[in-house]
1. Residue pairs, Cβ under 7 Å, 6 or more apart or interchain, first in the stretch 130-154 and without any contact (Cβ under 8 Å) to a residue 60 or more places away in the chain, second of a type in the set (Phe, Trp, Tyr) and not in a loop (DSSP other than H, G, I, E, B). List them.
2. Restricting to helices (runs of 4 or more DSSP H) lying wholly in the stretch 123-211: which have 1 or more residues that are under 30 Å from GLY29 (Cα atoms)?
3. Sort through LYS241, LYS223, LYS195, LYS288 and tell me the only one that's under 30 Å from GLN57 (Cα atoms) and not hydroxyl-bearing (Ser, Thr, Tyr).
4. Is it true that VAL83 is touching a Gly at 6+ places or on another chain (Cβ under 7 Å) and modelled with pLDDT of 95 or more?
5. Among what's in the stretch 290-310 and is more than 15 Å from ALA278 (Cβ to Cβ) and of a type in the set (Gly, Ala, Ser), pick the residue that is surrounded by the most Cβ atoms within 10 Å (Cβ to Cβ).
6. Filter the stretch 311-332 for residues that are among the charged types (D, E, K, R) and either surrounded by 20 or more Cβ atoms within 10 Å (Cβ to Cβ) or in a helix (DSSP H, G or I) (or both) and give the result.
Amino acid sequence: MKKQIVFTALVALLAFTSSTISAQESDLGALREKALKRIGVLPTQMPGAENDTKSKQQLGEKLYFDVRLSKDDTISCNSCHLVDNNRAGDDGLPVSPGVGGVKGVRNSPTVLNAGFQSVQFWDGRAPDLKEQAKGPILNPVEMAMPDEKSVEDKISAIAEYQDMFKEVYPEEKNPITFDNIVDSIAAYERTLITKDRFDDFLKGDDNALTEQELSGLSLFFTKGCDLCHSGPVLGGKGFYKWSPTKQYPDKVDLGRYDATKKDSDKYKFRVPMLRNVAITAPYFHDGKISKLEDAVDWMGYMRSKTGLTDKEKEDISAFLKTLTGKERNKSR
């Protein structure tokens with residue numbers, strides 16, 4: 001009789017365990033399906049890369065690191081968007097210094113995965129990477145070159161570039177043009193794609209994320225974070241105010257309005273990407289928030305009436321850390 005009771009209890013325990021595992025697998029599958037639908041796996045190629053050649057990417061890489069694109073030979077693209085040594089594609093500063101130490105007015109966002117965004121810059125004034133690359137070179141507080149011809153003349157005087165441009169643009173009689181310079185830089189930037197554990201989860205790896213990280217992902221949806229931070233880079237498209245009811249402390253920067261001059265665009269900014277967000281502090285257009293958890297807490301306050309509990313903030317932050325490229329340095 002005792003053996004029968006023990007056997008019955010064991011069968012019941014196994015049945016309960018099996019049903020629990022099945023429920024967990026079902027929940028995990030449902031969460032993955034939701035994530036695939038609302039976010040999706042990061043593509044292996046950026047828009048426009050299908051026309052890039054290896055030699056164009058190599059030329060763009062050389063130009064990206066060349067300080068001679070600046071007025072006094074001190075600033076390169078990599079000065080504000082550091083990608084060497086597997087760094088995070090930004091400079092870790094609230095705002096970046098340009099030629100002569102003059103500081104800009106907005107935070108320099110990461111260049112990693114940037115080509116997946118619908119537009120570039122916080123105010124969206126550039127439609128793609130090529131147009132974006134033009135801005136800093138001619139900006140008086142960044143690389144400070146006076147005009148396009150000055151850039152062309154300077155690069156044309158460098159012997160190694162003469163051969164490289166001829167190879168990349170063989171059909172052009174005078175291939176060293178400002179347009180071709182930024183075209184090749186954009187080609188290099190289109191190679192800067194990261195791979196992270198979140199994509200592993202989306203591709204079917206049930207062990208890619210911890211229980212806390214999965215909780216954070218679930219909260220990311222239930223708290224409505226994905227309403228703005230959607231798509232493969234979790235953002236990078238659309239313009240919104242920080243809050244429908246609360247004013248962001250910075251009332252000087254008018255955001256999208258600077259590009260459109262529409263009153264309805266005042267204080268709207270392009271939604272930042274969240275890929276690699278854990279290693280690209282400080283945060284927001286003014287770089288005023290230095291810690292990821294504080295940025296999550298602030299957005300919880302700005303976008304809801306009650307804000308987030310400490311556990312919710314910690315879990316969402318844990319999820320966001322899974323978006324860090326595996327090959328990228330976790331510290332500066």
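The values are calculated or read from the model by the stated rules, or taken from the named source; none is laboratory data. Not measured: the values here are computed from a predicted model. As a convention, Cβ positions derive from the backbone with ideal geometry for all residues, glycine included, and neighbour counts pool all protein chains shown.
1. These pairs meet every condition: GLU148/PHE178; GLU152/PHE178.
2. On the way: elements: 129-138, 148-156, 159-168, 178-189, 197-202.
Output list reads 197-202.
3. Matching residue, one of LYS241, LYS223, LYS195, LYS288: LYS195.
4. On the way: touching a Gly at 6+ places or on another chain (Cβ under 7 Å): yes; modelled with pLDDT of 95 or more: yes.
Taking the combined requirement at face value, the residue satisfies it.
5. Start the filter on the stretch 290-310 by keeping residues that are more than 15 Å from ALA278 (Cβ to Cβ), which leaves 298, 300-310.
Pick out the ones that are also of a type in the set (Gly, Ala, Ser) and you get 300, 304, 307.
Values: GLY300: 19, SER304: 13, GLY307: 14.
My answer is GLY300.
6. LYS311, GLU312, LYS313, GLU314, ASP315, LYS321, ARG328
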